[in-house]
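Trainee: My questions will all concern the structure given below.
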Amino acid sequence: MMEPISCPSPHRDSRLVRLGHGSGGRMTAELIEEIFLPVLGNEILNQLDDAAIFACDSGQPLAITTDAYVVSPIFFPGGDIGSLACHGTINDLSMRGAQPKYMAASFIIEEGFPLEELKSVVQSFGNACSNALVKVVAADTKVVGRGAADGVFITTTGIGEVIWQPAPAAHRAVPGDLVLVSGDIGRHGMAVMSKREGLDFESTILSDSAPLFEQVRSLMQAGDRSTHCLRDITRGGLAGVVNELAQSSRTGIVLDETSIPVESQVGALCEILGLDPLFVACEGRFVAIVAEQSVERVLSALRQCPGAEGTAVIGRVVDSHPGRVVLQSKIGGERLLDKLSGEQLPRIC
Ligand code: MG
């Protein structure tokens, strides 16, 4: 087996926060385990799922999630920080079998940010929320001096109603299940990078940023109770998500590289920039781990959903190498597919 990819090498011996701590990879996991969980951890937070499920005394289970958006540039092909903040939050709720209902948002704005651009970001956030039938019920603004932020940052909290139980959760994969991806990967990361690197005139790659609840609804209805795990692919890319699912479930996962859909322009831009699409963020794609007997039904339901026509089976859950992901590569070999250690693309969401 070849060594896992671990480039670029992060500064891990420092006593300072590094960009790699925001990667969603191994450094992020260390930060969470060493700084946050020892103080804030409890039986719900410790599950580290996309959204936490809890119930008030009345009994109806709810899902809650929170997130911060710092994408640079703020406007990118196929979206902006406003629509992204909505989609990212409601998608985390959807991944737990919850219907997104309410949103709280806080806007941290840098002095000097053009009001026209702020208006456009807020409009885009509002449109995305109303298209998803999500009500913004609490909001806040803060303005900081020049240089203390970068344009605008948004933090959100989303609340949803859990409508499918048992809810899909990262620990529920079992050997024999199949691994699906809801379409081609890497478009969000490459759309942001093309703009950032000034390559957006040469490429027509649009971010895949999109709300996923309707796709999840079709999948859950078709798959009955056999959808064990759902996770949207964001920072850390497909490789990061699949590793998290293998670790939480204490199972092994084998992926078949040739069946992982990557659009040709995305593949080409990745090559130019020296990136591996398996580690590039999406914002409108998810991984589903489904019991084998339901996969045909789930596949045909998803392929009829707008945006999920390219759903593909890309691998299998196995009982060997628990916690690890093995990639059967295009050229026939096998290699361990680890999480990235540090940061491949900072400020992608
Ligand atoms: Mg997520």
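Nothing in this text is a laboratory measurement; each read-out follows from the coordinates by a stated rule. Predicted model, so just to flag it, every value in this text is computed and none were measured. Ideal geometry is used to build each Cβ from the backbone, glycine not excepted, and the neighbour counts take in all protein chains shown.
Trainee: What order do you get for Leu93, Leu275 when you list them from fewest to most C-beta neighbours inside 10 Å?
Mentor: With the fewest neighbours first, Leu93, Leu275 line up as Leu275, Leu93.
Trainee: Rounded to whole Å and ordered largest first, report the semi-axes of the equivalent ellipsoid of the range 87-243 derived from its Cα gyration tensor (root of 5λ).
Mentor: The answer is 31, 21, 14 Å, longest axis first.
Trainee: Could you tell me the convex hull volume per residue, in Å³, taken over the Cα atoms of the chain?
Mentor: 145
Trainee: Let me ask you something else. Rank-order 209-215, 165-171, 268-274 by packing density, defined as the average count of other C-beta atoms within 10 Å over each peptide's residues, highest first.
Mentor: Answer by packing, highest mean first, reads 209-215, 165-171, 268-274.
Trainee: Given 0.36 nm per residue, what is the gain on full extension from Leu45 to Glu202 after removing their alpha carbon distance, in nm?
Mentor: That works out to 52.2 nm of additional length.
Trainee: Next question, about the same structure. Using 7 Å Cα-to-Cβ label points, what is the Arg146/Gln123 separation (nm, one decimal)?
Mentor: A separation of 2.7 nm, rounded to one decimal place.
Trainee: Tell me, what ³J(HN,Hα) does each residue in the range 102-119 have, in order and in whole Hz, if you take phi through Karplus 6.51 cos²θ - 1.76 cosθ + 1.60 with θ = phi - 60° and put x for Gly and Pro?
Mentor: 10, 9, 10, 9, 10, 10, 9, 10, 7, 3, x, 5, x, 4, 4, 6, 4, 4
Trainee: If we sort 284-290, 140-146 on the protection proxy, mean other Cβ atoms within 10 Å, highest first, what's the order?
Mentor: 284-290, 140-146
Trainee: Provide Ile35, Ile331 in ascending order of the number of other Cβ atoms located within 10 Å of each residue's Cβ, fewest first.
Mentor: Ile331, Ile35
Trainee: Can you put Met220, Met190, Met95 in order of Cβ neighbours within 10 angstrom, beginning with the fewest?
Mentor: Ranking Met220, Met190, Met95 by Cβ neighbours within 10 Å, fewest first, gives Met220, Met95, Met190.
Trainee: Can you bin every Cα-Cα distance in the range 57-147 into 10 Å intervals starting at zero and give me the percent of pairs per bin, rounded to whole numbers?
Mentor: 15, 47, 28, 9, 2
Trainee: Let me ask you something else. May I have the extent of the alpha carbons of the range 227-341 along their three principal axes, as whole Å values ordered from largest to smallest?
Mentor: So the three principal-axis extents are 40, 36, 27 Å.
Trainee: I want to check a number: in the chain, how many lysine pairs have alpha carbons closer than 22 Å, given a sequence separation of 8 or more or different chains?
Mentor: 5
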